[in-house]
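A.B. asks: I have a structure here, written as structure tokens, and I will follow up with some questions on it.
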């Protein structure tokens, strides 16, 4: 693999593109998302640190990584720089994000490449050749049925002992999705000073419309039906909005 990215058929137009099946909304949401990410509001720093530690602790061999919804790879580039990884493939439907990902991973010694297309396309085309499937803030965008489908496809793509690792929004206890968004609103509106009021509205409305957050135990059940034997919680943020979960094949 190399640092170029390919295209599955023709590149779709903006009216058809989606990052995770969301249509134009991702492209409207992205600037506010990136501001919040720069301020570590979604705990990317801790999540990718947890990923780095798990790669070191879990594998005796250098793992092969498939990153679904990789975005611009700014955080992943640090993981690849400081981990012993055999190869890396990033997948996203946002061509501009992949252009930036190519820049952010330039000069890495790890063999790496990018695929322009949907996560389902990438999983359907891959053989049983990966040790890690990384889902960075992807799961909560998928409906229950799509999550089940993803786990089934992932089980086929992973080699024995492989793992799905996910940085995800998660519900707590008997919390509902509305309850989750209510908690997040209480933190976001007075506290996310890097965003304007309208940008905060955009972030919260985006996650309300497109959020399919689940309790980790529900995700564990979905994964078990697809053949994963256990789920581990590798990290939780102090406010219990986000977690890094490991689903082990």
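A short reminder: the numbers here are calculations on the coordinates, not readings from a lab. A quick note: this is a predicted structure, and the numbers were derived from the prediction, not measured.
A.B. asks: Rounded to the nearest 500 deg cm²/dmol, what is the calculated helix-only ellipticity per residue at 222 nm for the chain, with -39500 (n - 2.57) per DSSP H run of length n ≥ 4?
C.D. replies: Taking each H run of at least 4 residues, the total per residue is -13500 deg cm²/dmol.
A.B. asks: Divide, for segment 58-135, the radius of gyration over alpha carbons by 2.2 N^0.38 Å, where N is the residue count.
C.D. replies: Relative to the 2.2 N^0.38 Å estimate, segment 58-135 comes out at 1.02.
A.B. asks: Oh, and also: Would you mind giving the average projected area, over all directions, of the Cα convex hull of segment 157-249 in nm² with one decimal?
C.D. replies: In nm², the orientation-averaged hull projection of segment 157-249 is 7.0.
A.B. asks: Suppose the Debye formula is applied to equal point scatterers at every Cα of segment 92-195; what is log10 I(q)/I(0) at q = 0.14, 0.16, 0.18 Å⁻¹?
C.D. replies: Scattering profile of segment 92-195, log10 relative to I(0): -0.78, -0.94, -1.07.
A.B. asks: Now for a separate question. Which Rg and Dmax, in Å, describe the Cα atoms of the chain?
C.D. replies: Looking at the chain, its Cα Rg and Dmax stand at 17.1, 48 Å.
A.B. asks: From zero outward in steps of 10 Å, how is the percent of C-alpha pairs of segment 203-242 spread across the bins?
C.D. replies: 23, 41, 31, 5
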